[in-house]
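Student: Mind having a look at this structure? Questions to follow.
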Amino acid sequence: MAPSQRAATAAGSQSAPVVYAGLQLRIVAFILDVMVLIAFGMLFAAAVLALLVIDADNGNPSDRAFLISGVILGLYVLVFVPLYHILLWSWRGQTVGMMAVHIKVLSRNGGRVTLGRSALRLFGYAASVLPLFLGLLMALFDGKRRTLHDRLAGTVVVEEL
(Lines give C-alpha, C1' and ligand atoms only; values in the text may rest on other atoms or scores of the structure.)
Protein backbone atom coordinates (compact mmCIF):
# COMPACT_ATOMS: atom_id res chain seq x y z
CA MET A 1 0.00 0.00 0.00
CA ALA A 2 1.43 3.37 -0.98
CA PRO A 3 2.05 6.01 1.73
CA SER A 4 -0.83 8.16 0.45
CA GLN A 5 -3.15 5.14 0.59
CA ARG A 6 -2.02 4.39 4.13
CA ALA A 7 -2.69 7.98 5.20
CA ALA A 8 -6.13 7.92 3.59
CA THR A 9 -6.93 4.59 5.23
CA ALA A 10 -5.74 5.82 8.62
CA ALA A 11 -7.66 9.10 8.29
CA GLY A 12 -10.83 7.47 6.94
CA SER A 13 -11.33 4.87 9.66
CA GLN A 14 -11.30 4.79 13.44
CA SER A 15 -9.01 1.77 13.72
CA ALA A 16 -6.46 1.48 10.96
CA PRO A 17 -5.97 -2.06 9.61
CA VAL A 18 -2.71 -3.83 10.23
CA VAL A 19 -0.46 -3.63 7.18
CA TYR A 20 2.25 -6.26 7.20
CA ALA A 21 5.62 -5.05 5.95
CA GLY A 22 6.71 -6.39 2.58
CA LEU A 23 10.06 -7.91 1.84
CA GLN A 24 11.27 -4.83 -0.06
CA LEU A 25 10.84 -2.53 2.97
CA ARG A 26 12.53 -5.07 5.18
CA ILE A 27 15.50 -5.31 2.80
CA VAL A 28 15.89 -1.51 2.75
CA ALA A 29 15.79 -1.49 6.58
CA PHE A 30 18.42 -4.24 6.64
CA ILE A 31 20.72 -2.27 4.32
CA LEU A 32 20.34 0.83 6.50
CA ASP A 33 21.14 -1.23 9.60
CA VAL A 34 24.25 -2.58 7.90
CA MET A 35 25.33 1.02 7.26
CA VAL A 36 24.77 1.90 10.94
CA LEU A 37 26.70 -1.17 12.07
CA ILE A 38 29.56 -0.36 9.70
CA ALA A 39 29.77 3.13 11.22
CA PHE A 40 29.98 1.65 14.73
CA GLY A 41 32.42 -0.97 13.45
CA MET A 42 34.66 1.84 12.26
CA LEU A 43 34.79 3.14 15.84
CA PHE A 44 35.88 -0.28 17.09
CA ALA A 45 38.43 -0.50 14.25
CA ALA A 46 39.75 2.97 15.14
CA ALA A 47 40.28 1.79 18.72
CA VAL A 48 42.18 -1.24 17.44
CA LEU A 49 44.36 0.88 15.12
CA ALA A 50 45.07 3.38 17.88
CA LEU A 51 46.10 0.54 20.18
CA LEU A 52 48.39 -0.97 17.56
CA VAL A 53 50.00 2.40 16.76
CA ILE A 54 50.50 3.34 20.39
CA ASP A 55 51.88 -0.08 21.28
CA ALA A 56 54.20 -0.28 18.28
CA ASP A 57 57.85 -0.51 19.26
CA ASN A 58 60.07 0.10 16.23
CA GLY A 59 57.05 -0.44 14.00
CA ASN A 60 56.13 -3.82 15.49
CA PRO A 61 53.17 -4.05 17.89
CA SER A 62 53.48 -6.55 20.70
CA ASP A 63 51.64 -9.87 20.81
CA ARG A 64 49.60 -8.45 23.69
CA ALA A 65 48.36 -5.60 21.44
CA PHE A 66 47.23 -8.12 18.81
CA LEU A 67 45.44 -10.15 21.46
CA ILE A 68 43.64 -7.08 22.82
CA SER A 69 42.78 -6.06 19.24
CA GLY A 70 41.21 -9.46 18.67
CA VAL A 71 39.19 -9.10 21.86
CA ILE A 72 37.95 -5.64 20.80
CA LEU A 73 36.89 -6.88 17.36
CA GLY A 74 35.34 -9.99 18.93
CA LEU A 75 33.32 -7.79 21.28
CA TYR A 76 32.00 -5.88 18.30
CA VAL A 77 30.96 -8.96 16.33
CA LEU A 78 29.80 -11.21 19.17
CA VAL A 79 28.39 -8.66 21.63
CA PHE A 80 27.66 -5.26 20.06
CA VAL A 81 26.00 -6.44 16.83
CA PRO A 82 23.64 -8.92 18.55
CA LEU A 83 22.80 -6.45 21.33
CA TYR A 84 22.04 -3.75 18.76
CA HIS A 85 19.28 -5.91 17.34
CA ILE A 86 18.04 -7.62 20.49
CA LEU A 87 17.83 -4.50 22.66
CA LEU A 88 16.30 -2.26 19.99
CA TRP A 89 13.70 -4.87 19.02
CA SER A 90 12.76 -5.34 22.67
CA TRP A 91 12.82 -1.66 23.63
CA ARG A 92 11.33 0.06 20.59
CA GLY A 93 10.33 -2.78 18.31
CA GLN A 94 12.62 -1.22 15.70
CA THR A 95 16.23 -0.96 14.73
CA VAL A 96 17.47 2.32 13.28
CA GLY A 97 16.91 1.03 9.74
CA MET A 98 13.37 -0.01 10.62
CA MET A 99 12.69 3.43 12.10
CA ALA A 100 13.79 5.01 8.82
CA VAL A 101 11.31 2.99 6.73
CA HIS A 102 8.55 3.03 9.37
CA ILE A 103 8.23 -0.65 10.12
CA LYS A 104 8.07 -2.35 13.50
CA VAL A 105 8.43 -5.83 15.00
CA LEU A 106 5.56 -7.00 17.18
CA SER A 107 4.76 -10.24 18.92
CA ARG A 108 2.17 -12.45 17.27
CA ASN A 109 -0.58 -10.93 19.44
CA GLY A 110 0.48 -7.35 18.61
CA GLY A 111 2.42 -6.62 21.81
CA ARG A 112 6.04 -5.86 22.52
CA VAL A 113 8.71 -8.41 21.76
CA THR A 114 10.49 -9.81 24.81
CA LEU A 115 14.27 -10.04 25.11
CA GLY A 116 14.09 -13.81 24.70
CA ARG A 117 11.97 -13.61 21.55
CA SER A 118 14.28 -10.90 20.18
CA ALA A 119 17.30 -13.15 20.75
CA LEU A 120 15.50 -16.10 19.18
CA ARG A 121 14.55 -13.90 16.22
CA LEU A 122 18.16 -12.79 15.71
CA PHE A 123 19.57 -16.29 15.82
CA GLY A 124 16.73 -17.49 13.61
CA TYR A 125 17.83 -14.84 11.15
CA ALA A 126 20.93 -16.92 10.44
CA ALA A 127 18.65 -19.85 9.57
CA SER A 128 16.76 -17.54 7.21
CA VAL A 129 19.76 -16.26 5.26
CA LEU A 130 22.24 -19.12 5.24
CA PRO A 131 20.40 -21.47 2.90
CA LEU A 132 20.41 -19.06 -0.07
CA PHE A 133 18.04 -16.60 1.65
CA LEU A 134 15.21 -19.12 1.38
CA GLY A 135 13.93 -18.25 4.85
CA LEU A 136 13.34 -14.67 3.70
CA LEU A 137 11.52 -15.74 0.56
CA MET A 138 8.85 -17.33 2.75
CA ALA A 139 7.47 -13.81 3.22
CA LEU A 140 6.41 -13.79 -0.41
CA PHE A 141 4.00 -16.69 0.19
CA ASP A 142 2.71 -15.90 3.68
CA GLY A 143 -0.43 -13.82 4.27
CA LYS A 144 1.26 -12.00 7.17
CA ARG A 145 4.53 -11.75 5.24
CA ARG A 146 6.43 -13.67 7.91
CA THR A 147 9.93 -14.96 7.28
CA LEU A 148 11.43 -18.06 8.87
CA HIS A 149 12.87 -16.07 11.79
CA ASP A 150 9.49 -14.40 12.37
CA ARG A 151 7.83 -17.81 12.53
CA LEU A 152 10.49 -19.18 14.90
CA ALA A 153 10.18 -16.19 17.27
CA GLY A 154 6.44 -15.71 16.96
CA THR A 155 6.73 -12.19 15.55
CA VAL A 156 5.32 -10.11 12.71
CA VAL A 157 6.66 -6.96 11.06
CA VAL A 158 4.09 -4.25 10.41
CA GLU A 159 4.12 -0.87 8.75
CA GLU A 160 3.60 2.10 11.04
CA LEU A 161 0.63 4.04 9.80
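The values are calculated or read from the model by the stated rules, or taken from the named source; none is laboratory data. If you're wondering where the values come from, they're calculated on a predicted model, not measured in any experiment. Methodologically, a virtual Cβ is constructed for each residue, glycine included, from the backbone with ideal geometry; neighbour enumeration extends over all protein chains shown. SASA here: full protein model, heavy atoms, side chains in, ligands and nucleic acids out. Shrake-Rupley method; radii C 1.70, N 1.55, O 1.52, S 1.80 Å.
Student: I need the fraction of alpha carbon pairs in the range 2-151 separated by more than 23 Å, rounded to a whole percent. Please report the intermediate quantities before stating the final value.
Tutor: Details: 5435 of 11175 pairs.
Across the range 2-151, Cα pairs with separations above 23 Å total 49 percent.
Student: Once the Cα atoms of helix 3-12 and of the chain are each reduced to a long axis, what angle between those two axes, in degrees from 0 to 90 to the nearest 10, is obtained?
Tutor: Between helix and principal axis, roughly 50 degrees.
Student: Under a plain spin-label model, where a point goes 7 Å from the Cα along Cα-to-Cβ, how far apart in nm are ILE54 and LEU130?
Tutor: With each label point 7 Å from Cα toward Cβ, the separation is 3.8 nm.
Student: Peptides 63-76, 105-118: what's the order by average Cβ count within 10 Å, highest mean first? Don't skip to the answer; put the middle values down first.
Tutor: On the way: 63-76: 13.6, 105-118: 15.5.
The most tightly packed comes first, giving 105-118, 63-76.
Student: Under unit Cβ charges (Lys, Arg +1; Asp, Glu -1), what dipole magnitude, rounded to 20 debye, does the chain have relative to its Cα centre?
Tutor: Taking the Cα centre of the chain as origin, the dipole is about 800 debye.
Student: By accessible area of protein heavy atoms, probe 1.4 Å, what ranking do HIS85, HIS102 get, highest first?
Tutor: On the way: HIS85 30, HIS102 100 Å².
If we order HIS85, HIS102 from most to least accessible, we get HIS102, HIS85.
Student: What percent do you get for the relative contact order of the range 51-161 when only Cα pairs under 8 Å and 6+ apart count?
Tutor: Numbers: 124 pairs, mean separation 24.8, N = 111.
So the answer I get is 22 percent.
Student: Also, I was wondering about something else. Per-residue ellipticity at 222 nm for the chain, helices alone: DSSP H runs ≥ 4 residues times -39500 (n - 2.57), over residue total, nearest 500 deg cm²/dmol? List each step's numbers first, then the result.
Tutor: Working: 8 runs with 98 residues, N = 161.
Taken over the chain, the calculation gives -19000 deg cm²/dmol.
Student: Something else now. Using a probe of 1.4 angstrom, how much of the accessible area of the range 74-124 is carbon and sulfur, in percent? Spell out each step's value before the answer.
Tutor: On the way: 1930 of 2710 Å².
Carbon and sulfur: 71 percent of the exposed surface of the range 74-124.
Student: Another question, if that's okay. Which is farthest toward the positive dipole end of the range 3-161 among ILE68, PRO82, GLY111, measuring Cα position about the Cα centre, with Cβ charges +1 (Lys, Arg) and -1 (Asp, Glu)?
Tutor: My answer, from the dipole projection, is GLY111.
Student: May I pose another question? Find how much the distance from ASP142 to ARG64 grows on full extension, using 0.36 nm per residue of separation minus their present alpha carbon separation; answer in nm with one decimal.
Tutor: On the way: separation 78, 0.36 × 78 = 28.08 nm, distance 5.15 nm.
Working it through step by step, the gained length comes to 22.9 nm.
Student: How far, in degrees from 0 to 90, does helix 115-129 lean away from the longest principal axis of the Cα atoms of the chain, to the nearest 10?
Tutor: Its long axis makes an angle of about 90 degrees.
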